[in-house]
Each structure stands twice: as C-alpha cells, then as structure tokens.
Amino acid sequence: MEDVAPEPCWIRSSGARVTKEDLRRMVAIPGRITMAMKEAATIKDTVGAAIAAAAAEMEVEVLPEAPVVVFVNAKSGGRHGPMLKDRLQHLIGEDQVYDLSIVKPSDFVQYGLACLEELSSRGDYCAQTTREKLRIMVAGGDGTVGWILGSLTELNLKNRAPVPPIGIIPLGTGNDLSRSFGWGGSFPFGWRSAVRNSLYRAITGPICHLDSWQVIVSMPEGEKIELPHCLRHLEDQSSIQDRDAKEELPEWFSRFEGVFYNYFSIGMDAQVAYGFHHLRDEKPYIAQGPIANKFIYTGYGCTQGWFVTPCMADPSFRGLKNILRLHIKKVNCPDWEQIHVPKSVRAIVALNLHNYGSGRNPWGNPKPEYLEKRGFVEANVDDGLLEIIGLKQGWHVSFVMVELISAKHIAQAAAIRLEIRGGESKQAYMQMDGEPWKQPIDCERLTFVDIQRVPFQSVLIGGS
C-alpha cells in the first residue's frame, strides 16, 4: 500500500482553522447547476441543459460562496493523475471535477459556461452568482494550463465577461507556469491535505495577469510540415494583431497560428526537445513520470549538438546567424530594428516568464545600472515585453541551467520578426511552451515568424 501522511481535519488560514466541511461548503455549487454545466459540455446542448436545470430550481437555495470547478489531466503525473481525480471527486463531488479526456475545455467554455449564462438570462440568480464568482483549478502540466487559458480566450473575443481565473495543481515535468504564480514545481501527493490546501488557495488567492503572445509562421506553399498541437492553419487573417504581419504574402505562402505563455525558441534547444519527444513516443515505457523525464531529457541533450564543436561540417551544429535575421519593435515604437545575433548563439529563446526549463531563470536578475546601460527594464510577466536570450555551446548552457551565469542578453522586445532562409540546412527546429516541431526552410524563399502580444491578458490566481 502507498505510504500517505495522515490527513488533518482542518486547514490553518491566517491563524484560523478551516475544516474540511467548511471548505466543501465554500466551493460547493448547487447540484442542479453542476449537472447542467457538465451535461451541456458533454452533449453540446446549452438550451436543453438549461431548461432541465431551471425546472429543478428549488424555492430556497444556498448561493455559492466561492464556486470552483477542477480540470484534471489524468495522463499527467504518472500514476498520480487518476488518484488525484478520485480525491477531488471525493472532496467536492464528481460533477465539479472534469476529466480532460472526456470533456474538452473548449466545450466547457462554449457550452458549459454558456449554460450558466442562459440560466442567468432566465432570472436564475444562483446560476448568475456561480458564473460571476467561478474559479477554475487545472491539474496538469504547463501544456494543460495553456490549453485551458487558450480556450478561455473565446470569452474575451465574444465579450463574455468575466473570465474565470485559473489556479494550478502542478503535475507536469517543468511546471514553469505553476512556479511563476506561486503554485510550486511539483505536487506533494504523499500528503492528503495538499489537495484541500490547493483548493483553499484557489478561492482565497489574489488575481494576477499574464501576457500571452501570438505566433504567425508564414512559409512557402508546398513544403510539408507536421504541425504540433500548438499550431493551427490560419485562413482568416482577422485574428492577426500587427498591421505589418497582415500584409498580403504571395499565394504560394501558407500561414499557421499559435499562442504561447512561457517561451518561443528556435535552434538547438528545440532540436533536443524534438528528439526527446519522438524518443518518448516511440518508447513510452522509459518515461514514467517527471523525474524520469528529466533524467532522460538531460542524457539525451548531452548526445546532441550542444556538446559538439561549432566547426563541424554538419550545418545543424552551426550558429543561427547563418540562417536567420532578427528584427524587433520596442515599446511605443512603430519601426522595426534589426538586432545583431552573435555567431556563437545556437538557440534563441523569447521569454515571457522568469521560469524556464523547470524553474531556471536564464535572464537572471540584472542590476539597475546594467539595465539602464543596455536600455532594458525589469522583467515582469505582464509588462508587454519579451526577453530575448541566446544560448551558446553545451558548457555555456550547462552553466546557465545551474544558474552560475546568465544567458546571453540579446534584447527586450514588444514584437519580434524572424526571417529564415535555408542554406545547406533544410529545416530549423522550433518550439512553443515545450511543444517542438521541425520547420522546413527554403534556400530561395524566406520563412517568416512574427510574434505579437495578444491585446487581452490571461487571468490567473496567485498561489503563494
């Protein structure tokens, strides 16, 4: 049997004790409403579920105090995902816990939240209170959190305020989003009260904001590309924020769109991530959890180009300067500025968060005098700026990842454009928030990557 620490019957909060029963009462949503939300999201019928919920309305109902629903990626966290799902269902009820393998977050937003809005329009004050106060917990890795955040953008696009804030139960490998907002780098499964502590922080934590960034990849038509989950084919250009990026390209160009919250990178780090993902897909038995993944990832990275000298003939081991030009826009500046890329740089990373690669801070904590000298400002997750860093050969990366030194500071930017042209190399490796792909590049025709800030910010809950 699994060794689990005993569970106290209370949570300490600012000197007071919150019991398990008090917490359950605080996060509870009336059963008819939770059933209607889940049914609407499952069968994709907003009106029908709302009518059934309205018919079951009681004369006297307790209004939700701090309503919470939880999304669980049961595939995250190794064997712990299903166990966590069971604990949550036992604590707050099955209908307030959503399994992402059954209900997609986009369906929850389109139908589940719409069911609350439909009930509110019919004068259901309990549903209205739930919609206005609702908070969401996400149990999964950074990719799962980004999936939920991306689905919630529909509420902004369609003026369906308010957008529920998100708290995190970290089940992934890196968990950099979780670290950045005070939810920690891992979840203490051995302590049963950790689930209740997380729920309590979800209903009492402060609201925080996070920039998100739109990526548009424009490539010559006819090149074959295996799209990662983070990209989709872009046919309607109305979602492109920047006027320059909207400029008509020739008919022989294809465009793909995605959004990232943590980082975008091109070069050797993405190549290592791409190889690791394929290795894990081919041999899933070798990666059974976050710790195993980290060991395998580190070992795999050592066998790749990081520790191969730059003078080798293979073009994939050379610096990025040979294949790309980097342009940026600064804050309140409409003009593009070309930025020099040092020839030793073999990966370029555009950072939105302070945390990268399981809690490392490659930008570091520069002193005010240095920031002023370089024309930089202090980095924040909601400042409308990306920090652009360069990673060199393997030893440089090793020292950066153990935080003995900072990465190469290249620029801070409000917008980025990469112009990429192949030579001997026929592909470049890219990744967004841990999802890598192999990008075909042409020696005759340019490939463009445009990065612009999304005009509305994501809303999260501070866990500290």
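Being open to solvent by 40 Å² or more (accessible area, probe 1.4 Å) and either at pLDDT below 80 or under 23 Å from Ile451 (Cα atoms) (or both) is the filter; apply it to region 400-414 and report the residue that is farthest from the chain's Cα centre (by Cα).
Our first condition is that a residue be open to solvent by 40 Å² or more (accessible area, probe 1.4 Å); within region 400-414, this holds for 401-406, 408.
Adding the requirement that they be either at pLDDT below 80 or under 23 Å from Ile451 (Cα atoms) (or both) leaves 401-404, 408.
Values: Met401: 21, Val402: 23, Glu403: 23, Leu404: 27, Lys408: 24 Å.
The extreme case among them is Leu404.
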Result of the Cβ filter at 8 Å on region 70-99, keeping first residues that are under 11 Å from Gly140 (Cβ atoms) and partners that are in a strand (DSSP E or B) and of a type in the set (Ser, Thr, Tyr), at least 6 apart or interchain, is Val70/Tyr98; Phe71/Tyr98; Val72/Tyr98
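Restrict the check to region 315-329 and report whether at least one residue is under 30 Å from His209 (Cα atoms), assigned to a loop (DSSP other than H, G, I, E, B) and at pLDDT below 90. Spell out the reasoning first.
Here is the first cut: in region 315-329, the ones under 30 Å from His209 (Cα atoms) are 326-329.
Pick out the ones that are also assigned to a loop (DSSP other than H, G, I, E, B) and you get none.
No, region 315-329 has no match at all.
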Consider Lys321 against the criteria (1) over 29 Å from Gly182 (Cα atoms); (2) in contact with a strand residue (DSSP E or B) (Cβ under 8 Å, 6 or more places away or on another chain); (3) open to solvent by 20 Å² or more (accessible area, probe 1.4 Å): it satisfies all of them except one. Which criterion is unmet? (2)
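Could you look through region 196-221, keep only residues that are within 30 Å of Tyr429 (Cβ to Cβ) and among the hydrophobic types (A, V, I, L, M, F, W, C), and pick out the one that is farthest from the chain's Cα centre (by Cα)? Can you show your working first?
Filtering region 196-221 for residues within 30 Å of Tyr429 (Cβ to Cβ) gives 210-221.
Narrowing the set further to residues that are among the hydrophobic types (A, V, I, L, M, F, W, C) leaves 210, 213, 215-217, 219.
Details: Leu210: 10, Trp213: 11, Val215: 14, Ile216: 17, Val217: 19, Met219: 25 Å.
Top of the filtered list is Met219.
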Mind listing whichever residues of region 359-394 are under 19 Å from Asp269 (Cα atoms), open to solvent by 20 Å² or more (accessible area, probe 1.4 Å) and in contact (Cβ under 8 Å) with a residue 60 or more places away in the chain? Gly359, Gln393
Within region 415-433, is even one residue touching a Ser or Thr at 6+ places or on another chain (Cβ under 7 Å), open to solvent by 30 Å² or more (accessible area, probe 1.4 Å) and at pLDDT 90 or above? no
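The values are calculated or read from the model by the stated rules, or taken from the named source; none is laboratory data. Since the model is a prediction, treat every value here as computed from it, not as a measurement. With ideal geometry, Cβ positions are generated from the backbone for all residues, glycine too; neighbour counts draw on all protein chains shown. Areas reflect the complete protein model, heavy atoms only, side chains present, ligands, DNA and RNA absent. Shrake-Rupley method; radii C 1.70, N 1.55, O 1.52, S 1.80 Å.
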